[in-house]
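Step one of this worksheet: look at the structure below.
The values are calculated or read from the model by the stated rules, or taken from the named source; none is laboratory data. In this text the structure is predicted, and so the values were computed from the model without any measurement. When we count neighbours, we look across all protein chains shown, and the Cβ atoms used for this are built from the backbone with ideal geometry, even at glycine.
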Amino acid sequence: MDGAAKGIVAFIGRKGSGKTTFLTRLIPVLVSRGHRVGVIKRVPPHFELDQKGKDSFRLKEAGASAIFLSSERRVALIEDVPEEPTPEEIASKYLQHMDIILVESFKRSALPKVEVYRKGQGEGPLFRDRELELGVEVIALVTDDPELELPPGVERFSFEEPERVADLIEARFLKAGRPGPGKAKMVDVGGKPETERTALAQGKIKMSPSTLRKLLTGELEKGDILAVARVAAIMGAKRA
């Protein structure tokens with residue numbers, strides 16, 4: 001995919017609500033449908049991915065502003081930044097090849113949000129917090145409280161319904177997304193260097209005896225587009 005990701009959705013909720021747990025259920029559903037999923041997770045300021053004493057850790061401690069770790073199967077970038085980037089900036093710079101990006105936290109961002117809320121959390125759901133003004137931004141609530149009153153337009157899902165949340169994400173952000181396994185995909189080769197390929201197809205076509213006779217004798221009229229198309233669909237070799 002060229003350009004930015006098709007959609008970015010933030011999963012917000014109070015501490016202990018189960019955001020990460022639900023995402024670990026949702027991600028496999030989206031992946032199984034053929035989508036490339038990226039995740040952005042907000043963490044404390046001075047986090048470390050590397051291990052003290054390792055060469056890469058020592059290089060960073062020596063003053064390098066960025067360390068890029070590369071292997072045959074995985075890469076990682078540890079970079080100092082003057083200020084925290086927004087999820088949109090992260091997606092544009094590092095995750096352009098993803099189909100959908102799921103963001104954990106960033107509750108004050110302008111992103112569309114799915115709130116994860118467990119019944120009994122004393123402070124109530126975040127979408128009621130006027131300071132955050134989340135009412136118009138929350139598109140869905142994942143909750144174990146079936147009686148919680150929701151704002152108009154906010155859909156309700158249980159913790160056991162990651163498939164339905166995936167349906168919502170596809171409908172809102174992936175209408176023109178990648179097809180799932182086994183599904184056809186249209187490929188635009190208009191701007192690519194010309195190559196020669198032969199397509200082999202098998203099938204049955206129906207035509208009248210008169211059309212068949214014209215085909216076999218070479219008398220098929222030039223303007224008979226329908227008949228030509230039927231024949232070409234099975235017998236033609238495509239130049240692309």
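Is it the case that region 74-86 has a residue that's surrounded by fewer than 15 Cβ atoms within 10 Å (Cβ to Cβ) and under 20 Å from L141 (Cβ atoms)?
Checked region 74-86: no residue is surrounded by fewer than 15 Cβ atoms within 10 Å (Cβ to Cβ) and under 20 Å from L141 (Cβ atoms).
Sort through R33, R25 and tell me the only one that's in contact with a Pro (Cβ under 6 Å, 6 or more places away or on another chain) and surrounded by 16 or more Cβ atoms within 10 Å (Cβ to Cβ).
R25
Would you check if L59 is under 24 Å from G13 (Cβ atoms) and not charged (D, E, K, R)?
Considered against the rule, which asks whether it is under 24 Å from G13 (Cβ atoms) and not charged (D, E, K, R), L59 comes out as no.
Among residues belonging to region 163-182 that are at pLDDT below 90 and of a type in the set (K, R), point out the one that is farthest from the chain's Cα centre (by Cα).
Ranking the candidates gives K175 first.
Among the residues in region 54-68, are any surrounded by 12 or more Cβ atoms within 10 Å (Cβ to Cβ) and either at pLDDT 90 or above or among the hydroxyl-bearing types (S, T, Y) (or both)?
There is at least one residue in region 54-68 that is surrounded by 12 or more Cβ atoms within 10 Å (Cβ to Cβ) and either at pLDDT 90 or above or among the hydroxyl-bearing types (S, T, Y) (or both).
Please state which of the following conditions I8 fails to meet, knowing it meets all the rest: (1) in a strand (DSSP E or B); (2) surrounded by 14 or more Cβ atoms within 10 Å (Cβ to Cβ); (3) without any contact (Cβ under 8 Å) to a residue 12 or more places away in the chain.
Failed condition: (3).
With the structure loaded, tell me whether T195 is among the polar types (S, T, N, Q) and either within 22 Å of Q96 (Cβ to Cβ) or at pLDDT below 95 (or both) or whether it fails that test.
yes
Residue under question is F106, and the condition is that it be crowded, with 16+ Cβ neighbours inside 10 Å and in contact with a helix residue (DSSP H, G or I) (Cβ under 7 Å, 6 or more places away or on another chain); does it hold?
So F106 passes the test.
Would you say P44 is at pLDDT below 90 and part of a loop (DSSP other than H, G, I, E, B)?
yes
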